[in-house]
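Have a look at the structure below, then the notes.
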Amino acid sequence: MIDGFIALYIFMLAAFVGHEVIGRVPAILHTPLMSGSNFVHGIVLVGAMVALGRAETTLELVIGFIGVFLGAGNAVGGYVVTERMLEMFKSSREKNS
Amino acid sequence: MSEFGSINTLIEASYFVAAILFIFGLKRMSSPVTARGGIIWAGAGMVVATVVTFLFPGMTNYVLMMLAIGLGGILAWVSGKRVAMTDMPQMIALYNGMGGGAAAAIAAVELFGGADHGLTFGVLAVLGGMIGAISFSGSLIAFGKLQGLIRKPMRFKGQQIVNMLILVATVLTAGYLVVEHGANDYVILFFVLALILGITMTLPIGGADMPVVISLYNALTGLAVAFEGFVLQNEAMIIAGTVVGAAGTLLTQLMAKAMNRSLANVLFSGFGEEGGEGSEVSGSMKPIEATDVAVMMAFANKVLIVPGYGMAVAQAQHKVWELTKILLDRGVDVKFAIHPVAGRMPGHMNVLLAEAGVPYDIIYDQDEINPEFPTADVALVIGANDVVNPVARSDPSSPIFGMPILDADRAKNVIVIKRGQGAGFSGIENALFFLDHTRMLYGDGQAMAGALITEIKAI
């Protein structure tokens, strides 16, 4: 059980990590990085799966289904576009070899 | 739960590994040398977390689950593979909105269940649901605007008061849900209000400010995911969501700063409503032929190219790179100077140049390249306008006064490739075009770059 202050500590430390990781990113990577972080919150898929897995009423099933559908779209779409963009970043040395 | 002990340990351990992969993946993505590996690390983390979630104890509805993953995954895969690089900003908005919607859906299932999680979890569930729903509908509006489906910013008198009233109504309904575990009708009312708020918040914001808004919604979705993670006691969601929330907030601030706008300014006022008209620019624009430009560039020591979104619209980036290669072969020092907001969002121009094959080590940020303009023989401005307008430095009455610009006007010669004589995106007259050492090469970006290639080859 994650509770009370433990939860706050996790939140604080994770926020600090997020801030530090992005801190010195060059402007040339802003778009792919935004897309990459967009992909990472696609982890919401996991929660939507649990919600659908425990759903009982029709209403819960419908909403759970929509949740998993949207979460999968976030994760897969985020990955595909980020990968496509980063794939193109090459230095002159890599070009010539 | 004891019979599930070992499975639970496996799930917890896998989420831990996924969290590590996400953080290291993002870390690697923040440098161009390691960026390509970064997304693969993060992707591996996602696969591990998703697969292990199927083992969660006490779950049913596996068929529906597979169907939803398959449908959402395939649709996103196909659209993501097809989208043109110029349309990337709105695609990111769309995927981000989906994430926000998923977070709202999780909250909805929890709230419809009516279970009493206690005050803290109730507040987090409602808060995550509200932020997720706002991010969902807001991102869809942002997508519509950038895709050209919604053309004009919609503003009316007292709009902010109306928005404030919707916000208050949403928060009150949320409070009622937390305290009273209200009936399903109130849950529906709550989500409808939050979705409307996302729409009315985003509609008045102009297209130029949209990247900042998308980035903000990206951070908000991260936060919503983290809150729902606390409700579901899911560590992977808590950590990944919080990391994105913090990283996204910082990224939003960086973008707003690069555009010389504060976040409050973006959210609560339209562009052009503040500041004056700017003073008149005197002088005339002096045209030049491609032949003369070719000679100037071919015998220059240093050429700095300033590309703008107009170059991408004209699909000229491939020709420009070809031109660059010919000049490099002649021994000319060629560099690309990129303004933070070149393209439609910060870093977008770098993606477009990378697509054309330009290596990232001859592409320079504003701060790195500005000291080099005075030593450059030629600054070639192609499809850029406001980001090289020197009135941003000199004229306090101009709406763009104070915006950091590229110092193209300080180069020994300035060549501007431009379709016609009109003003820029913001409608502001560009003083650069009227300088004594500026020459205008009128024509389509792609055609003119092609003409320059032919002329230089002929020398």
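Of A:33, A:13, which residue is more than 7 Å from chain B (Cβ to nearest Cβ), more than 25 Å from residue B:54 (Cβ to Cβ) and hydrophobic (A, V, I, L, M, F, W, C)? Can you show your working first?
Numbers: A:33 fails: more than 7 Å from chain B (Cβ to nearest Cβ).
Step by step, each of A:33, A:13 is checked, and only A:13 is more than 7 Å from chain B (Cβ to nearest Cβ), more than 25 Å from residue B:54 (Cβ to Cβ) and hydrophobic (A, V, I, L, M, F, W, C).
Between a first residue in the range B:357-368 that is free of Cβ contacts under 8 Å to residues at least 24 places away in the same chain and a second residue that is polar (S, T, N, Q), which pairs have beta carbons less than 6 Å apart while being 6 or more apart in sequence or on different chains?
B:359/A:91; B:359/A:92; B:361/A:91; B:361/A:92
Here are the criteria: (1) in contact with a His (Cβ under 8 Å, 6 or more places away or on another chain); (2) touching a residue at least 60 places away in the same chain (Cβ under 8 Å). Tell me which single one residue B:190 does not satisfy.
The number of the failed condition is (1).
If a residue counts only when it is charged (D, E, K, R) and within 25 Å of residue B:319 (Cβ to Cβ), which strands (runs of 3 or more DSSP E) contained entirely in the range B:352-459 have at least 1 such residues? First the steps, then the outcome.
On the way: elements: B:363-365, B:378-382, B:413-418, B:438-442.
Those strands (runs of 3 or more DSSP E) span B:363-365, B:413-418, B:438-442.
Tell me, please, whether a residue that is over 18 Å from residue B:69 (Cβ atoms), part of a helix (DSSP H, G or I) and within 7 Å of another protein chain (Cβ to nearest Cβ) can be found in the range A:63-82. Please lay out each step first, then the result.
Of the range A:63-82, the ones over 18 Å from residue B:69 (Cβ atoms) are A:81-82.
From what's left, part of a helix (DSSP H, G or I): A:81-82.
This time we only want the ones that are within 7 Å of another protein chain (Cβ to nearest Cβ), so: A:81-82.
Taking every residue of the range A:63-82 in turn, at least one turns out to be over 18 Å from residue B:69 (Cβ atoms), part of a helix (DSSP H, G or I) and within 7 Å of another protein chain (Cβ to nearest Cβ).
Of B:162, B:213, B:179, B:187, which residue is closer than 29 Å to residue A:22 by Cβ and either open to solvent by less than 10 Å² (accessible area, probe 1.4 Å) or modelled with pLDDT under 90 (or both)? It would help to see each step written out before you state the result.
Values: B:162 fails: closer than 29 Å to residue A:22 by Cβ; B:179 fails: closer than 29 Å to residue A:22 by Cβ; B:187 fails: closer than 29 Å to residue A:22 by Cβ.
The unique qualifying residue is B:213.
Residue B:343 is checked against (1) over 25 Å from residue B:252 (Cβ atoms); (2) part of a loop (DSSP other than H, G, I, E, B); (3) touching a Gly at 6+ places or on another chain (Cβ under 9 Å) and fails just one. What number does that condition carry?
Here residue B:343 clears every test but (1).
Kindly provide the set of residues from the range B:220-234 that are open to solvent by 10 Å² or more (accessible area, probe 1.4 Å) and either in a helix (DSSP H, G or I) or acidic (Asp, Glu) (or both), ordered by number. Explain how you work it out, then say what you get.
First pass over the range B:220-234, keeping only residues open to solvent by 10 Å² or more (accessible area, probe 1.4 Å): B:220, B:223, B:227, B:230-233.
Selection gives B:220, B:223, B:227, B:230, B:231, B:232.
From the set of residues in the range A:67-97 that are among the aromatic types (Phe, Trp, Tyr) and open to solvent by 50 Å² or more (accessible area, probe 1.4 Å), which is nearest to the chain's Cα centre (by Cα)? Break it down into steps so the answer makes sense when it comes.
Step one: of the range A:67-97, the residues among the aromatic types (Phe, Trp, Tyr) are A:69, A:79, A:89.
Within this subset, residues satisfying the condition of being open to solvent by 50 Å² or more (accessible area, probe 1.4 Å) are A:69, A:79.
On the way: A:69: 15, A:79: 9 Å.
Here the answer is A:79.
Checking the structure you have, find out if any residue of the range B:357-369 is modelled with pLDDT under 90 and among the aliphatic types (A, V, I, L, M).
Scanning the range B:357-369 turns up no residue that is modelled with pLDDT under 90 and among the aliphatic types (A, V, I, L, M).
Check residue B:420 against each of (1) surrounded by 23 or more Cβ atoms within 10 Å (Cβ to Cβ); (2) free of Cβ contacts under 8 Å to residues at least 60 places away in the same chain and name the one condition it does not meet.
The number of the failed condition is (1).
Taking the stated definitions as given, is residue B:285 more than 14 Å from residue B:384 (Cα to Cα), open to solvent by 10 Å² or more (accessible area, probe 1.4 Å) and in contact with a strand residue (DSSP E or B) (Cβ under 8 Å, 6 or more places away or on another chain)?
Details: more than 14 Å from residue B:384 (Cα to Cα): yes; open to solvent by 10 Å² or more (accessible area, probe 1.4 Å): yes; in contact with a strand residue (DSSP E or B) (Cβ under 8 Å, 6 or more places away or on another chain): yes.
In short, yes.
Is it true that some residue in the range B:310-318 is within 14 Å of another protein chain (Cβ to nearest Cβ) and either part of a loop (DSSP other than H, G, I, E, B) or closer than 27 Å to residue B:436 by Cα (or both)? Spell out the reasoning first.
First, pick out the residues of the range B:310-318 that are within 14 Å of another protein chain (Cβ to nearest Cβ): B:312, B:317-318.
Going one step further and asking which of them are either part of a loop (DSSP other than H, G, I, E, B) or closer than 27 Å to residue B:436 by Cα (or both), we end up with none.
There is no residue in the range B:310-318 that is within 14 Å of another protein chain (Cβ to nearest Cβ) and either part of a loop (DSSP other than H, G, I, E, B) or closer than 27 Å to residue B:436 by Cα (or both).
Please go through the range B:319-347 and pick out each residue that is more than 11 Å from every other protein chain (Cβ to nearest Cβ) and either surrounded by fewer than 17 Cβ atoms within 10 Å (Cβ to Cβ) or touching a residue at least 40 places away in the same chain (Cβ under 8 Å) (or both).
Result: B:319, B:320, B:322, B:323, B:326, B:327, B:329, B:330, B:331, B:333, B:337.
Give me the pairs: first residue in the range B:74-102 and more than 8 Å from chain A (Cβ to nearest Cβ) and within 25 Å of residue B:208 (Cα to Cα), second residue among the aromatic types (Phe, Trp, Tyr) and open to solvent by less than 10 Å² (accessible area, probe 1.4 Å), beta-carbon distance under 7 Å, and six or more apart or on different chains, which are they?
These pairs meet every condition: B:100/B:217.
Please list, ordered by first then second residue, the pairs with beta carbon atoms under 7 Å, 6 or more apart or interchain, first in the range B:16-36 and within 7 Å of chain A (Cβ to nearest Cβ) and touching a residue at least 12 places away in the same chain (Cβ under 8 Å), second surrounded by fewer than 22 Cβ atoms within 10 Å (Cβ to Cβ) and part of a helix (DSSP H, G or I).
Note: pairs meeting the criteria are B:23/A:17.
Taking the range B:235-258 as the search range and keeping residues that are open to solvent by 20 Å² or more (accessible area, probe 1.4 Å) and under 21 Å from residue B:49 (Cα atoms), which one is modelled with the lowest pLDDT?
Across the range B:235-258, the extreme among qualifying residues is B:235.
Restricting to the range B:40-57, name every residue that is in contact (Cβ under 8 Å) with a residue 24 or more places away in the chain and at the interface with another protein chain (Cβ under 7 Å from one of its Cβ atoms).
B:46, B:49, B:53, B:56 - these are the residues of the range B:40-57 that are in contact (Cβ under 8 Å) with a residue 24 or more places away in the chain and at the interface with another protein chain (Cβ under 7 Å from one of its Cβ atoms).
Out of (1) outside any helix (DSSP H, G or I); (2) in contact (Cβ under 8 Å) with a residue 12 or more places away in the chain, the odd one out for residue B:107 is which?
(1)
Which of the residues that make up the range B:15-51 are more than 25 Å from residue A:20 (Cβ to Cβ) and in contact with a helix residue (DSSP H, G or I) (Cβ under 7 Å, 6 or more places away or on another chain)? Spell out how you get there, then give the answer.
Taking the range B:15-51 as the starting set, the residues that turn out to be more than 25 Å from residue A:20 (Cβ to Cβ) are B:47, B:50-51.
Listed by number, the list holds a single entry, B:50.
Residue B:218 - would you say it is in contact (Cβ under 8 Å) with a residue 24 or more places away in the chain and in contact with a Ser or Thr (Cβ under 7 Å, 6 or more places away or on another chain)? Step through it out loud before you land on a result.
Numbers: in contact (Cβ under 8 Å) with a residue 24 or more places away in the chain: yes; in contact with a Ser or Thr (Cβ under 7 Å, 6 or more places away or on another chain): yes.
Considered against the rule, which asks whether it is in contact (Cβ under 8 Å) with a residue 24 or more places away in the chain and in contact with a Ser or Thr (Cβ under 7 Å, 6 or more places away or on another chain), residue B:218 comes out as yes.
So residue A:62 passes all but one of these: (1) touching a helix residue (DSSP H, G or I) at 6+ places or on another chain (Cβ under 8 Å); (2) modelled with pLDDT of 90 or more; (3) of a type in the set (A, V, I, L, M). Which condition number does it fail?
Result: residue A:62 passes all but (1).
Does the range B:392-416 hold any residues that are within 14 Å of residue B:260 (Cα to Cα) and β-branched (Val, Ile, Thr), and which are they?
B:400, B:405
The values are calculated or read from the model by the stated rules, or taken from the named source; none is laboratory data. None of these values were measured; they are calculated from a predicted model. Please note: Cβ atoms are built from the backbone with ideal geometry, for glycine as well, and neighbour counts cover all protein chains shown. For the accessible areas, the whole protein counts, side chains as well, though only heavy atoms, and no ligand, DNA or RNA atoms are used. Shrake-Rupley method; radii C 1.70, N 1.55, O 1.52, S 1.80 Å.
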